[in-house]
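Just below is one structure, and these are the notes that go with it.
The values are calculated or read from the model by the stated rules, or taken from the named source; none is laboratory data. Just so you know, these numbers come straight off a predicted model, no measurement behind them. As a convention, Cβ positions derive from the backbone with ideal geometry for all residues, glycine included, and neighbour counts pool all protein chains shown. Protein only, heavy atoms only, side chains kept; ligands, DNA and RNA dropped before computing areas. Shrake-Rupley method; radii C 1.70, N 1.55, O 1.52, S 1.80 Å.
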Amino acid sequence: MPQCSPIPWKPVTAASAEPIDHVDVVIVGAGLSGVGAACHLRRRVPRKTFAILEARGDMGGTWDLFRYPGIRSDSDMFTLGYSFRPWTEPEAIADGPSILRYIRETAREHGIDREIRYRHRVIRAEWSTPEARWTVVAERTDRGEIVNLTCDFLFACTGYYRYDQGYVPDFAGTERFRGQIVHPQDWPVDLDYAGGRVTVIGSGATAVTLVPALAERAAHVTMLQRTPSYVVSLPGNDGVALTLRSRLPARVAYATVRWKNVLRQMVAFNVARRAPRFARSLVRKWNQNQLPEGYDVDTHFNPPYEPWDQRLCLVPDGDLFQAIASGRAEIVTDRIKTFTERGLALESGREVEAEVIVTATGFNLLLVGGMAVVVDGEKVDFSRRVAYKGLMLSGVPNLAMALGYTNASWTLKCDLVAQYVCRLLDHMDRNGYAIARPQPPDASLPTDPIIDLRSGYVMRSIDRLPKQGRSLPWRLHQNYFRDIRLLRRGPVDDAMAFSASPAPKPSQPAGGIPETVEFVPRVG
Ligand SMILES: Cc1cc2nc3c(=O)[nH]c(=O)nc-3n(C[C@H](O)[C@H](O)[C@H](O)COP(=O)(O)OP(=O)(O)OC[C@H]3O[C@@H](n4cnc5c(N)ncnc54)[C@H](O)[C@@H]3O)c2cc1C
């Protein structure tokens, strides 16, 4: 996605490039989905060689980057965990270090840790149809060198946001503020807020996580929101999981609880989408029950949009409500006029004083980690592509992206994507195909935005994202059952053009365009 890429293009010069190394698959990113993708490859197509290129110095992605107090999942670990490795810790909603430990242990168990090349930021991937391969260009972030690698298949597991910079709106008067302004993505390890006043700007998952955690040590925490979110409490521990674990083998207990939670989440999502007024009144009732009598639920917990138009915020054991009930935290729903020397002046005329202001104002969306994707000399403009099954792009060969669900745990979808990629690779090998290119749909195909959410970070980037169609295989369902059918069991050759190996014929000059055999796609 060139328009929002923070990473400059760098020409690959013979002088800067090291000898080229070739693997079957390059995975970009060693976060939850990159490590998962590598495990799937190793389990399902063990003959394939692969390398994982990771820009940072450690694995874990999100769960290594974010260090703010209270960092935790906001979906349950039975669905955020991998399908192939049980989550065995007692908590269903887990803290960041436990999730990081789970990713690291999974990588170690599957021997994936040895395949990660750290401090390799991929800046460019260039596909050549004559050679049927990608040249992946990475910058060594420690040495500034350029490293080239070639591969047959590129698997982008890069998450969805910029790592170098969180999103902060253009607030007036920040230079006047005498305290400290902190973004959750860049939390100073030595930040001392004990006994002080902290204001958290925002109302999303990060803000509702931070507020109760900060309230444990701060004198007072204000959550300042422009627009409320739907906030729902979930038990931090899953009682059914604890019971089943004591009676069943770990894998059986895990699978059972995973399915239970998938079903629960799907029912909740569908009820919210089909009966939004009912869902809204239910959430309001739950909120009222957990807050002190007379609390102004209609101002602070009453979003102007329907449930699941934006991601719902889950809080374990109602910790946010408890912090509010105890008086250690409060929610203020207002608009910021300007930062002042001592805090914030609001449009209502109210002033909020603070020594620390946390801008939990979101992310900058970034597709495929900001790398420039070039196909046969032409830079891919993502906004002009249609997503194929939510994992490949029209006209872009041998490239898959692991993008998780927005209405359920990320990993449920990433597991399916990785399984699909393994099936596709297997299909190609068995049939002698070197290239799999989703055939661009008819130009008249009606399209919608690829992400069906109206959150700020989506809306800010919607014009730069690929589109999706309204029917298969151009539609992403956001429905686990339908996606299982589509990705784990469905055909891998619908609307896909395959080409056989482009090995040059003896008479053909090196580098010439080989004759490829196009196979008529089966439209499913
Ligand atoms: C604070 C927070 C809490 C969240 N909680 C939940 C939750 O509870 N449930 C849920 O479902 N989702 C949650 N999410 C979404 C979350 O990002 C995913 O669940 C999941 O961790 C994403 O994993 P990933 O590996 O796809 O991406 P990431 O975790 O973002 O990892 C991507 C990796 O790719 C690397 N990378 C990126 N670009 C390049 C490049 N060009 N070259 C080389 N390497 C690159 C990055 O350095 C990183 O290591 C949360 C997100 C945040 C920020």
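Can you give the accessible area per residue of the chain, in Å², using a 1.4 Å probe?
On the way: 22460 Å² over 524 residues.
The answer is 43 Å² per residue.
Under unit Cβ charges (Lys, Arg +1; Asp, Glu -1), what dipole magnitude, rounded to 20 debye, does the chain have relative to its Cα centre? Provide the component values of the computation, followed by the final result.
Working: 65 positive and 58 negative charges, 298 e Å.
For this selection, approximately 1440 debye.
With the charge dipole of the chain set up from +1 on Lys and Arg Cβ and -1 on Asp and Glu Cβ about the Cα centre, the Cα lying farthest toward the positive end among the listed residues F481, P90, T209 is that of F481. Shape class of region 370-500 from the Cα gyration tensor (axes a ≥ b ≥ c, square roots of the eigenvalues): oblate, since a/c reaches 1.5 or more and a/b does not exceed b/c. Give me the base-10 log of I(q)/I(0) for region 314-369 at each q in 0.13 Å⁻¹, Debye formula, one uniform scatterer per Cα, rounded to two decimals. Values, matching the q order: -0.52. Computed over region 195-289, relative contact order equals 23 percent, with contacts defined as Cα pairs under 8 Å that lie 6+ residues apart.
Using only side-chain charges placed at the Cβ, +1 for Lys and Arg and -1 for Asp and Glu, the dipole size of region 134-189 relative to its Cα centre rounds to 220 debye.
Note on the chain: with neighbouring protein chains present and a 1.4 Å probe, carbon and sulfur make up 50 percent of its accessible heavy-atom surface. For A497, the residues whose amide H sits under 5 Å from its own are R437, Q439, ignoring neighbours fewer than 5 places away on the same chain, with H placed 1.01 Å from N.
Using the charge dipole of region 237-371 (Lys, Arg: +1 at Cβ; Asp, Glu: -1 at Cβ; taken about the Cα centre), state which of V262, S326, Y305 has its Cα farthest towards the positive end. The Cα lying farthest towards the positive end belongs to V262.
Can you give me the relative contact order of region 193-242 as a percent, contacts being Cα pairs under 8 Å and 6 or more apart? Relative contact order of region 193-242: 41 percent. Among residues other than E89 with Cβ under 10 Å from its Cβ, the summed charge is -1 (Lys and Arg +1, Asp and Glu -1).
Quick one: grab the alpha carbon gyration tensor of region 11-105, order the square roots of its eigenvalues as a ≥ b ≥ c, and give me rounded if a/c is under 1.5, else prolate or oblate depending on whether a/b is larger than b/c. Oblate is the answer for region 11-105, as a/c is 1.5 or above yet b/c matches or exceeds a/b.
Measuring between their Cα centroids, region 382-425 and region 137-179 lie 21 Å from each other.
Per residue, the Cα convex hull of the chain amounts to 162 Å³.
In region 294-321, which residues have a backbone nitrogen under 15 Å from the label point lying 7 Å from R226's Cα in the Cα-to-Cβ direction? 304-305, by backbone N distance to the label point.
Normalising the average separation of contacting C-alpha pairs (under 8 angstrom, six or more residues apart) by the number of residues puts the relative contact order of the chain at 20 percent. Hydrophobic long helices, here whole DSSP H runs in the chain with Kyte-Doolittle means of at least 0.0 and Cα atoms spread over 30 Å or more along the helix axis, are not found. Taking Lys and Arg as +1 and Asp and Glu as -1, the other residues whose beta-carbon sits under 13 Å from that of D381 total +3.
Counting heavy atoms of the protein chains alone, D317 has an accessible area of about 90 Å² for a 1.4 Å probe.
Each of G29, A275, L149 was placed along the dipole of the chain (beta-carbon charges, centred on the mean Cα), and the one lying farthest toward the positive end is A275.
For every helix of n ≥ 4 consecutive DSSP H residues, a contribution of -39,500 (n - 2.57) applies; sum these over the chain, divide by its total residues, and give [θ] at 222 nm rounded to the nearest 500 deg cm²/dmol. Spell out each step's value before the answer.
Working: 13 runs with 136 residues, N = 524.
So the helix-based figure for the chain works out to -7500 deg cm²/dmol.
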